[in-house]
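Before any comments, here is the structure.
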Amino acid sequence: MNGGPGLFEIEARYCIDTNVLVSFLSESDAEYYGADIFPDHWALIERLVTSGEMVAPRQIEHELTGHAKKHGKIGPWLRRNDHMFRDLGTTDELRLAKAIVNKYDAYGRNVNYLGDLEVMVLAGSRGLTVVSMEVGLQQAGQRRPKIPNVCADFGIACLSVSGVLRAEKQPSK
């Protein structure tokens, strides 16, 4: 499957944050991962995206478009994978977004948090697992919320890149 809609479309399982894709696609020493250094890891992410098992809200596409100006691989990757981005607007999604913003008002005050909010809303309303490089804080506050903390607070599954790699690891033969 090339990622386009199909008669027997594979169900999405993961909702990915911008920071994971930027880390792999920027291939910079300032990032944790680079597709050139971790090709097997990147191949797994690409397979999940291509198959439709890994999606993202439309805001992530917008954020990545901004990063494409600095990192040449992001633009072409976005064009090849535009099928992965989902629009939000269902009643369940709006209800969850409102609940998160009511508890963590930073998501309503700062446009820089919009992608994070949409990732959690898409995942939470559709039963997906968030994939983010953000690390939860023991004393996370409402002014600068972290995705893992908010996900835990709202019962949304959340994994790091390593967590996804472990979950997807094929048994040895």
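Where in the chain is the longest stretch that carries no GluC sites (Glu not before Pro) classed as loop by DSSP and with at most 14 other Cβ atoms within 10 Å?
12-173
On a 1.4 Å probe surface of the protein chains, which of Asp116, Asp40 comes out largest in accessible area, and what is the full order?
Asp40, Asp116
Roughly to the nearest percent, how much of the accessible area of the chain is carbon and sulfur, given a 1.4 Å probe?
On the chain, the fraction of accessible area on carbon and sulfur atoms equals 50 percent.
Which shape class applies to region 39-168: rounded if a/c is under 1.5, otherwise prolate when a/b exceeds b/c and oblate if not, where a ≥ b ≥ c are the square roots of the Cα gyration tensor eigenvalues?
Because a/c hits 1.5 or more and a/b exceeds b/c, region 39-168 counts as prolate.
Please list the non-local residues whose amide H lies under 5 Å from the amide H of Thr129, H modeled 1.01 Å from N, same-chain partners needing a gap of 5 or more.
Result for Thr129 returns Tyr14, Cys15.
Counting Lys and Arg as +1 and Asp and Glu as -1, each charge on the Cβ, what is the dipole of the chain about the Cα centre in debye, to the nearest 20?
240 debye
Rounded if a/c is under 1.5, else prolate if a/b is larger than b/c, else oblate: which is region 98-145, with a ≥ b ≥ c the root eigenvalues of its Cα gyration tensor?
oblate
Alpha carbons only, please: Rg and Dmax for region 48-89, in angstrom.
Values for region 48-89 (Cα only, Rg and Dmax): 10.3, 32 Å.
With the other protein chains left in place, how much accessible area per residue, in square angstrom, belongs to region 24-173 at a 1.4 angstrom probe?
The answer is 56 Å² per residue.
The values are calculated or read from the model by the stated rules, or taken from the named source; none is laboratory data. Predicted model only: the values in this text are computed from it and were never measured. Glycine also receives a Cβ, built like all others from the backbone with ideal geometry; neighbour counts cover every protein chain displayed. Quick note on the areas: whole protein, heavy atoms, side chains included, nothing else; ligands and nucleic acids left out. Shrake-Rupley method; radii C 1.70, N 1.55, O 1.52, S 1.80 Å.
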